[in-house]
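Down below is the structure, laid out as structure tokens.
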Amino acid sequence: MWTSASAAAVPVAERFEWFSDVVASALIPTAIVSERHGDFHAEASTLGLGTARLSVFSHSPLRSRRTPALIRRGDPEQYQLALITGGRWWMAHHGADEEFGVGDMILWDTSRPQETIAHPGHGPSRSLIVHLPKDVLPLRPGRVDRLLGRRIAADGGTAAVLARFVASLAEHASACTPRELGELGAAAADLAAACFAHRLDAYGELPVETRTRALRERVDAFIEHHLGDPGLTPGTIAAAHGLSVRALHALFRSAGDETVAATIRRRRLTRCHTDLTHPALASRPIHEIATRWCFPNAASFSRAFREAYGISPGEHRRAAATGLRAAPGPRP
């Protein structure tokens, strides 16, 4: 469950000191200064993910420093990976000195000094931060050090998959059970390890289990991104990941999961389920929504939808329009 706090609930004169305490307890102790004490705005949320954790921060421009004395005061001994979703940053850490913008990721070591500036003039600074205990990353610390404080562009490859995964966590994780959250935390660690290993040319050093789980996350992200493509098949998925179709099917079987085709079908039905209740799509015929998600035959779509949700697409849409409870998630 998310733990959230907002400066809006704190008297104006106390907001900056309040935020400093929040950062110290939720992230790491740092010395923070800002020129906007009088109108400082900030929000913070944290979510446990088993051994990992996710934090979401939004705040006014500021400057922070983590000194050796502050490290001695409190060190969770973590790698913390930030995905910037608003504003512009500068960081000096472990010999690196770089600027970062929206869509970039940054990795730092809580046991090392750093200095960070959230620049004014670029809107509120917003970031999603994954907290990873150092011992969950199966890479030698000396290797990971080469990435500290350096820009990790999330514009392709495993880095893009990791960034989308982190953003999806922030959006959807509140609906997950504690067990699911633990599994998501493990998946985040696997993806982070795969991303770092690729950048360090050390992918072969990862345990087979880590590589397998990271590959499955990449495949899942590929399927999600291409659901509207009628050409999405086990063959195209396998080719995009350098696998044989047989190896792709084995990857799904090893997880005790549904087949590749069943996964594609279920996720397309989920998209239809969502679109049928979207106010902006209320005037769009059901068959157009079905076609958009690659169900070319209205009769077969209606049958598949009823099998998955227990009611017809039309009944689901009418229930949502009248304020009644819409169909739940797909049945096993």
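The values are calculated or read from the model by the stated rules, or taken from the named source; none is laboratory data. Just so we're clear, the structure is a prediction, and the values are computed from it rather than from any experiment. Cβ atoms come from the backbone with ideal geometry, glycine included; neighbour counts cover every protein chain shown.
Of all residues in the stretch 242-265, those satisfying the criterion of being in contact with a helix residue (DSSP H, G or I) (Cβ under 8 Å, 6 or more places away or on another chain) and either of a type in the set (D, E) or loosely packed, with under 15 Cβ neighbours inside 10 Å (or both) are S244, A247, S254, A255, D257, E258, T259, A261. The single residue among D155, D145 that is surrounded by fewer than 21 Cβ atoms within 10 Å (Cβ to Cβ) and closer than 23 Å to R218 by Cα turns out to be D155. M1 passes every criterion in (1) surrounded by fewer than 17 Cβ atoms within 10 Å (Cβ to Cβ); (2) modelled with pLDDT of 90 or more; (3) aliphatic (A, V, I, L, M) apart from (2). One residue stands out among those in the stretch 66-90 that are part of a strand (DSSP E or B) and closer than 12 Å to T30 by Cβ: the one that is farthest from the chain's Cα centre (by Cα), which is R66.
May I ask you to verify whether R126 is over 19 Å from the mean Cα position of the chain (by Cα), among the charged types (D, E, K, R), at pLDDT 95 or above and crowded, with 16+ Cβ neighbours inside 10 Å? Answer is no for this residue.
With the requirement that a residue be within 14 Å of F57 (Cβ to Cβ), of a type outside the set (F, W, Y) and either at pLDDT below 95 or buried (at least 17 other Cβ atoms within 10 Å of the Cβ) (or both), what does the stretch 82-122 give you? Matches in the stretch 82-122: A82, L83, I84, T85, G87, I106, T116, A118. Considering only residues that are over 12 Å from L227 (Cβ atoms) and under 24 Å from the mean Cα position of the chain (by Cα), look in the stretch 266-294 and name the one that is surrounded by the most Cβ atoms within 10 Å (Cβ to Cβ). Filtering the stretch 266-294 for residues that are over 12 Å from L227 (Cβ atoms) and under 24 Å from the mean Cα position of the chain (by Cα), the one surrounded by the most Cβ atoms within 10 Å (Cβ to Cβ) comes out as H273. Could you list, in sequence order, all residues of the stretch 1-53 that are closer than 17 Å to A118 by Cβ, of a type in the set (D, E) and over 27 Å from the mean Cα position of the chain (by Cα)? Within the stretch 1-53, E35, D39 qualify. Restricting attention to the stretch 91-123, the residues being assigned to a loop (DSSP other than H, G, I, E, B) and within 18 Å of the chain's Cα centre (by Cα) number 3. Of the numbered criteria (1) within 16 Å of L107 (Cα to Cα); (2) surrounded by fewer than 19 Cβ atoms within 10 Å (Cβ to Cβ); (3) at pLDDT below 95, the one R73 fails is (1). Considering the stretch 18-65, the qualifying strands (runs of 3 or more DSSP E), each wholly inside and each with 2 or more residues that are hydroxyl-bearing (S, T, Y), touching a helix residue (DSSP H, G or I) at 6+ places or on another chain (Cβ under 9 Å) and touching a residue at least 12 places away in the same chain (Cβ under 8 Å), run over 42-49. Give me the residue from the stretch 213-223 that is within 17 Å of E183 (Cβ to Cβ) and modelled with pLDDT of 90 or more and, out of that set, surrounded by the most Cβ atoms within 10 Å (Cβ to Cβ). It comes out as V219.
Yes or no, residue by residue, for (1) among the small types (G, A, S); (2) not assigned by TED's automatic domain parsing to the domain that holds Q80:
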site: A189; (1), (2): yes, no
site: T210; (1), (2): no, yes
site: E217; (1), (2): no, yes
site: D220; (1), (2): no, yes
site: P230; (1), (2): no, yes
site: A239; (1), (2): yes, yes
site: R266; (1), (2): no, yes
site: C272; (1), (2): no, yes
site: R292; (1), (2): no, yes
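In the set (1) assigned to a loop (DSSP other than H, G, I, E, B); (2) more than 20 Å from S45 (Cβ to Cβ); (3) modelled with pLDDT under 95, the condition left unmet by R150 is number (3).
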